[in-house]
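So the structure is just underneath, and the comments pick up after that.
Quick note: the coordinates plus some simple rules give every number you see, no bench work behind them. Just so you know, these numbers come straight off a predicted model, no measurement behind them. So basically every Cβ, Gly included, is an ideal-geometry build from the backbone, and we count neighbours across all protein chains shown.
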Amino acid sequence: SFTRLAAALEATELTQTLNGVGAFTVFAPVDAAFEAIDSTIATLSTEQIRDVLLYHVLGQPVRSTEIATGSVDSLLAGQQLDVTVEGGAVSINESATVVTVDVETSNGVIHVIDSVLVPSSL
């Protein structure tokens, strides 16, 4: 269910970065989330798509037990994500809901979300 994300990471040459040494949290949109914004994605340059992808990544692992309401810095310079925890549900920027938590990777954690996050800089 992450073929669109994987293809975008490959096209923007971010695959090796996120597979490399580091400790990351990735808010990973499902394929349906990318399909919902196909018309927007089609208008973006490779660099802008790279920015969108970096906006989904934190520079440290944050497991579900550590997620709290507030702003966190993404890997996209100067762009923060607004996290809201309410009634056991987690939303990002009031537009994406975390649907699966704590998918462990060798260098961090993935939380699956139902929407693509678009930075305010685009």
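A few points about this structure:
- Relative contact order for the chain, counting Cα pairs under 8 Å that sit 6 or more residues apart, in percent: 29
- Dipole magnitude of the chain about its Cα centre (Cβ charges: Lys, Arg +1; Asp, Glu -1), debye to nearest 20: 140
- Interatomic Cα distance distribution for the chain, bins of 10 angstrom, percent: 13, 50, 33, 4
- Beta bridges per DSSP, both residues in the chain: antiparallel share near 75 percent.
- With both labels modelled 7 Å from their Cα along Cα-to-Cβ, the residue 101 to residue 31 distance reads 2.7 nm.
- Once exposed loop GluC sites (Glu not before Pro) are cut out (DSSP; at most 10 other Cβ, 10 Å), longest piece of the chain: 14-93
- Across region 105-115, rounded Karplus estimates of 3J(HN,Hα) from the backbone phi angles (6.51 cos²θ - 1.76 cosθ + 1.60, θ = phi - 60°) give 10, 5, 10, x, 9, 10, 10, 7, 10, 9, 9 Hz, Gly and Pro being marked x.
- Between 32, 106, 60, the Cα set farthest toward the positive side of the dipole of region 1-113 (charges on each charged residue's Cβ, about the Cα centre) is that of 106.
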